[in-house]
């Protein structure tokens, strides 16, 4: 009547179910916006570029993790997605939601340069955490070229308590076309006059 079950099969079955059913997606932008972002054009005058991305690793595929620039909410990541943002040149803190609190890195952003940061999922005590790693431009471009452009979800309701609304801090969505990049450069030049 009763079968002799292999007790190791239960954890394997649970892990398999989590990986298969755990794939969550974040909304993406238009193909035109993604195509423009993947051209890796220099950011408009007066700005630095930021690509924050998560590769297509199956580890943690079912998890979304929030991203922040200077405490301001950018959106949630999922596997195979990237965000393209603009920041004013200077020092900025990039953070990701993790298991118990946010993990982050601080980086000097240079005008006219695109910077690349990879978010990765790591083992946690109760649930997987996340962390960030700065990547060089060649590696970042290669990684991002295989990913989809995530829709920006800027929302002050989700900002960290450390959010600073100084006009030189935080980030804005990157341009989605050459025309929007040109318009942004003109607006920035007018503000600086």
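For this structure, a couple of remarks:
- The angle separating the long axis of helix 9-21 from the principal Cα axis of greatest extent in the chain is about 30 degrees.
- Were the residues from residue 56 through residue 39 laid out at 0.36 nm apart, the gain over their Cα-Cα distance would be 4.1 nm.
- Net length gained if the chain between residue 168 and residue 145 were fully extended (0.36 nm per residue, minus Cα distance): 5.4 nm
- Here the calculated FRET efficiency for residue 32 and residue 110, from their Cβ-Cβ distance with R0 = 35 Å, stands at 0.80, rounded to the nearest 0.05.
- Among beta bridges from DSSP that stay inside the chain, the antiparallel ones total about 80%.
- Calculated [θ] (222 nm, deg cm²/dmol) that DSSP helices of n ≥ 4 give over the chain, each run adding -39,500 (n - 2.57): -6500 deg cm²/dmol
- Among 147-156, 49-58, the peptide with the highest mean count of other Cβ atoms within 10 Å heads the list, and the full ranking is 49-58, 147-156.
- Computed from Cα atoms, the angle from the helix 178-191 axis to the main principal axis of the chain rounds to 50 degrees.
- Binning the alpha carbon pair distances of region 22-191 at 5 angstrom intervals from zero yields the distribution 2, 9, 19, 23, 22, 15, 7, 3, 1, 0, 0, expressed in whole percent.
None of the figures in this text is laboratory data; all of them are computed from the coordinates on show. Everything numeric in this text was worked out from a predicted model, so none of it was measured. Virtual Cβ from ideal backbone geometry, glycine too; neighbours counted across all protein chains shown.
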